[in-house]
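This report concerns only the one structure given below.
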Amino acid sequence: MELVSIKSMPKEYKLLILKEFGYGISGDYVIDNDGKRVKDRYVGVDVNVSNMLIFPGSTIILDNNPLSIAAYLDEYEGKDL
């Protein structure tokens, strides 16, 4: 799996990616199609656009922190998304 960092990507490009997945941006945060802030499913923090993480082959938006990454890999390792 090749990983490509989106950390330094301009916010406008991040918005285009998020729109493809049915998400958007409000201020500095990722929002769902109901306009609610997306929370990291593992640590419960609102996902900031500048620190968001999307694994290849996934539409799960996470906060880029070690605990979320480890929890995601533990849950989905070897599974098709």
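In the condition set (1) surrounded by fewer than 11 Cβ atoms within 10 Å (Cβ to Cβ); (2) of a type outside the set (D, E, K, R); (3) part of a helix (DSSP H, G or I), ASN33 is compliant with all but (3).
Within segment 43-65, residues that are on the phi > 0 side of the Ramachandran plot sit with their Cβ atoms under 6 Å from residues that are modelled with pLDDT under 95 and loosely packed, with under 14 Cβ neighbours inside 10 Å, at 6+ positions apart or across chains, in these pairs: GLY57/LEU81.
Could you say whether any residue in segment 41-60 is crowded, with 17+ Cβ neighbours inside 10 Å, in a loop (DSSP other than H, G, I, E, B), within 14 Å of the chain's Cα centre (by Cα) and at pLDDT 95 or above? Yes: one or more hits. Remark: GLY24 matches the filter, which requires a residue to be over 21 Å from GLU75 (Cβ atoms) and free of Cβ contacts under 8 Å to residues at least 40 places away in the same chain.
The values are calculated or read from the model by the stated rules, or taken from the named source; none is laboratory data. Just so it is clear, the model here is predicted, and its values are computed rather than measured. When we count neighbours, we look across all protein chains shown, and the Cβ atoms used for this are built from the backbone with ideal geometry, even at glycine.
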